[in-house]
Amino acid sequence: MNLSRRRLTRDDRRARILEAGRKVFAQHGFGAAQMEHIRAAAGLSRGGLYHHFAAKEEIMAALVDAECASLAARVETAPLPLVALVEAGSEMLGAGAAGFDPAWLEGRQERERYLAAREAAEARHLRPVIETALQSGIAEGRYRNVPPRHVAELFLTVNARLNRLALLDGSPLADIAGFAATALTALGCLLGAEREFSDLALRIGRWGAET
């Protein structure tokens with residue numbers, strides 16, 4: 001049997017489309033990219049492409065979702081998942097093998113679509129990781145007995161605000177880093193775990209001051 005000619009599975013086709021989408025977005029930018037570009041890069045028929053995705057916005061959302069799923073898997077087994085999440089998130093934003101780079105976007109409307117997709121993906125994949133980390137910390141006596149669901153929502157809300165400051169408002173990196181450091185310090189106080197977050201807050205604040 002010639003394995004190179006084997007019939008592609010549904011997952012194979014989807015993965016091929018996502019990889020083609022990344023390449024086309026990187027080459028043309030999201031705004032100029034067309035579904036026909038992606039179809040040709042994936043080597044599929046129009047039916048094979050549109051069976052999975054009706055528009056390039058759906059491909060972008062799928063790439064963002066894959067990136068957030070990868071991030072969740074990366075940090076959920078870390079000794080300090082919340083700290084690992086902040087560290088890994090700053091490293092992986094748009095840079096993961098499965099991710100979507102915000103540099104491919106132009107204009108406010110494209111950035112708003114990206115942020116909406118990212119916030120939905122983070123709620124789907126990261127909220128459970130955050131809640132589990134909080135529940136474990138409370139059970140182990142490392143955190144105060146605060147409602148995990150509420151703190152997880154607070155964490156994601158602050159993160160969404162940071163992303164919007166960067167992509168929509170064009171705020172200086174020093175201001176964004178300062179906000180992030182202050183938010184981490186406040187989170188440590190809320191959880192009664194100041195030492196757990198203080199070093200990371202200092203590093204982020206120092207990085208912002210040096211940028």
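The values are calculated or read from the model by the stated rules, or taken from the named source; none is laboratory data. Because the structure is predicted, anything quoted here is derived from the model rather than measured. Note that each Cβ is placed from the backbone with ideal geometry, even for glycine, and that neighbours are counted across all protein chains shown.
Within segment 168-188, is even one residue surrounded by fewer than 16 Cβ atoms within 10 Å (Cβ to Cβ) and over 22 Å from the mean Cα position of the chain (by Cα)? Taking every residue of segment 168-188 in turn, at least one turns out to be surrounded by fewer than 16 Cβ atoms within 10 Å (Cβ to Cβ) and over 22 Å from the mean Cα position of the chain (by Cα).
Each row is one residue, and each column tells you yes or no for (1) of a type outside the set (Gly, Ala, Ser); (2) surrounded by fewer than 19 Cβ atoms within 10 Å (Cβ to Cβ).
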| position | (1), (2) |
| --- | --- |
| Glu67 | yes, no |
| Leu71 | yes, no |
| Ala84 | no, no |
| Ala117 | no, no |
| Pro128 | yes, yes |
| Ile138 | yes, yes |
| Glu153 | yes, yes |
| Arg161 | yes, yes |
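How many of the residues in segment 90-139 are small (Gly, Ala, Ser), modelled with pLDDT under 95 and either out of contact with any helix residue (DSSP H, G or I) (no Cβ under 6 Å at 6 or more places or on another chain) or not assigned by TED's automatic domain parsing to the domain that holds Arg149 (or both)? Adding up the residues that qualify gives 5. Out of all the residues in segment 161-177, is one or more touching an Asp or Glu at 6+ places or on another chain (Cβ under 6 Å), under 20 Å from His125 (Cβ atoms) and in contact (Cβ under 8 Å) with a residue 12 or more places away in the chain? Taking every residue of segment 161-177 in turn, none turns out to be touching an Asp or Glu at 6+ places or on another chain (Cβ under 6 Å), under 20 Å from His125 (Cβ atoms) and in contact (Cβ under 8 Å) with a residue 12 or more places away in the chain. The set of residues in segment 105-161 that are part of a helix (DSSP H, G or I), within 18 Å of Leu80 (Cα to Cα) and acidic (Asp, Glu) contains only Glu131. Residues in segment 195-211 that are loosely packed, with under 14 Cβ neighbours inside 10 Å and touching a Gly at 6+ places or on another chain (Cβ under 9 Å): Arg195, Ala209.
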